[in-house]
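Step one of this worksheet: look at the structure below.
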Amino acid sequence: MPQHYYSNQPESQHNRKMIEERLRGQNYRFISDAGVFSKNGVDYGSKVMVEAMDIPIGSSVLDVGCGYGPIGFAAARLAQDGHVTMVDVNSRAVALAKENAQLNGIANVSILESDLFTSVEGQQFDVIVTNPPIRAGKETVHSIFVQAYEHLRIGGALWVVIQKKQGAPSAKAKLQSLFQVVEEITRDKGYHIFKATKNQE
């Protein structure tokens with residue numbers, strides 16, 4: 001069976017490298033490796049998301065499919081005295097994210113191995129952010145939207161980045177079927193940033 005970045009235990013040979021990135025005016029260093037998403041540098045979609053997302057100070061945030069950490073860490077710095085829970089099914093990505101949190105001096109995060117929301121059952125958040133695993137299929141992506149609604153507090157928002165060619169129109173339609181308010185915050189080079197707000201149970 002071919003190995004993907006959304007595999008639980010990547011079998012590809014290790015190829016660790018250091019990446020330096022500037023996100024939302026802050027400098028970061030990330031250790032990356034083979035078998036994880038966007039191993040050669042933070043992908044453009046994540047960069048667009050980080051620039052666009054609104055993370056209130058003190059908020060409780062969930063990053064679904066955190067990879068080696070860029071969106072979750074940016075959210076943690078924006079939340080300041082809030083807290084970010086970061087989850088990924090890929091055990092190698094989770095280990096890297098934990099290492100990178102220490103490398104960047106980010107303490108207000110919890111990083112968990114989790115098949116989507118399994119490790120945060122029963123918890124609710126003010127904000128959920130996701131750069132969803134498109135290659136896992138539309139069913140998986142739409143499942144993230146459904147479960148995100150259940151895990152948001154009233155007034156909370158789901159932020160999603162998705163490319164037009166990878167299903168942005170159908171993603172927006174699915175979000176509109178679940179959430180009371182769906183806004184397209186920005187688009188850049190084919191990447192769409194959606195903010196979906198939950199205003200009722």
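Assorted remarks:
- Failed item in (1) assigned to a loop (DSSP other than H, G, I, E, B); (2) under 19 Å from Val61 (Cβ atoms); (3) out of contact with any strand residue (DSSP E or B) (no Cβ under 7 Å at 6 or more places or on another chain); (4) not hydroxyl-bearing (Ser, Thr, Tyr), with Asp115 passing the rest: (2)
- Conditions (1) surrounded by fewer than 16 Cβ atoms within 10 Å (Cβ to Cβ); (2) out of contact with any strand residue (DSSP E or B) (no Cβ under 9 Å at 6 or more places or on another chain); (3) not in a loop (DSSP other than H, G, I, E, B); number of the one not met by Ala107: (3)
- Considering region 150-168, and only residues there that are under 15 Å from the mean Cα position of the chain (by Cα) and over 16 Å from Asp54 (Cα atoms), the residue that is surrounded by the most Cβ atoms within 10 Å (Cβ to Cβ) turns out to be Ile162.
- Positions within region 169-190 being among the charged types (D, E, K, R) and either open to solvent by 70 Å² or more (accessible area, probe 1.4 Å) or over 19 Å from Arg135 (Cβ atoms) (or both), in sequence order: Lys172, Glu183, Glu184, Arg187, Asp188, Lys189
- Search result, residues across region 122-145 that are open to solvent by 50 Å² or more (accessible area, probe 1.4 Å) and either touching a Ser or Thr at 6+ places or on another chain (Cβ under 6 Å) or more than 21 Å from Ala76 (Cα to Cα) (or both): Gly122, Asp126, Arg135, Lys138, Glu139
- Boolean, Glu11 is open to solvent by 80 Å² or more (accessible area, probe 1.4 Å) and at pLDDT 95 or above: no
- Residue list for region 93-130, filter: free of Cβ contacts under 8 Å to residues at least 24 places away in the same chain and under 22 Å from Gly155 (Cβ atoms): Glu121, Gly122
The values are calculated or read from the model by the stated rules, or taken from the named source; none is laboratory data. Because the structure is predicted, anything quoted here is derived from the model rather than measured. Don't worry about glycine lacking a Cβ; one is built from the backbone with ideal geometry, like all the others, and counts go over all protein chains shown. Protein only, heavy atoms only, side chains kept; ligands, DNA and RNA dropped before computing areas. Shrake-Rupley method; radii C 1.70, N 1.55, O 1.52, S 1.80 Å.
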